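Take a look at the structure below.
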């Protein structure tokens, strides 16, 4: 019998895990044609997430877990799941039930019967999200699709079912700075998109603040586009041209009006503007250099403290 490994990254999800397991159990009992492995990745949780996972594992032999030595982030948790999955198919799913398990049969059908290599999900609404967060999320996808060769679907979730070949292709990319939404598109293959309306968390609070999402978006831009470097170069050339025009203007005005000392406030503003642009461009270069620096260290993506895989 074929098997699906369901990877569930967890960070402080003690309140949601029992709800998730009950809902997932119903789906697993319905899909009798395939076996299951629930692989929970405890990403350095500070609450009783690991204790709850161990409780579930003691009752159900299909429940496996990996516990990190500290919080490495969701990207590391997903990578650990990919590396340790044993199923013929691999599914990514959040524990907060914002990724509805009820969609899994449809996703499996898309791969098994319709010939797709992966079945991915996307939200068609952002009901329950702050408007400012929804606005910036949509802008991110629009910008990324313009500056990157990798297509990102607006509203795409990490929730997807993949063939073993698809997962093996992801594992071939050993980069430390991972942006899975981009990696999913970069490896190619045929993907069926399944739409659903936004579902709010069943319990607990989101771990993704606006600031964390912003940093994650920057990681995505740096990982899949060199356009910011080109923009920095263009801005530099434009400012050089503007500076040259101002120099000519000042020389001509001085020769005609003989008043070289007036206009110092505007000069200060120009200097401040140019200085700010220079710092901004240096910051862009610094982002790319920092990623190179981290890659050259060749540190492990994650460190396992304990597991029950054997």
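You will find that of 162, 107, the residue that is in the same structural domain as residue 184 (by TED's automatic domain parsing), closer than 28 Å to residue 12 by Cβ, outside any strand (DSSP E or B) and at pLDDT 85 or above is 107 and no other. For segment 117-130, what are the residues that are part of a loop (DSSP other than H, G, I, E, B) and modelled with pLDDT of 85 or more? Result: 117, single match. No other residue among 59, 32, 48 is surrounded by fewer than 17 Cβ atoms within 10 Å (Cβ to Cβ), at pLDDT below 90 and over 23 Å from residue 306 (Cβ atoms) apart from 32.
The values are calculated or read from the model by the stated rules, or taken from the named source; none is laboratory data. All of these numbers come straight from a predicted model, not from anything done at the bench. Note: ideal-geometry Cβ built from the backbone for every residue, glycine included; neighbour counts use all protein chains shown.
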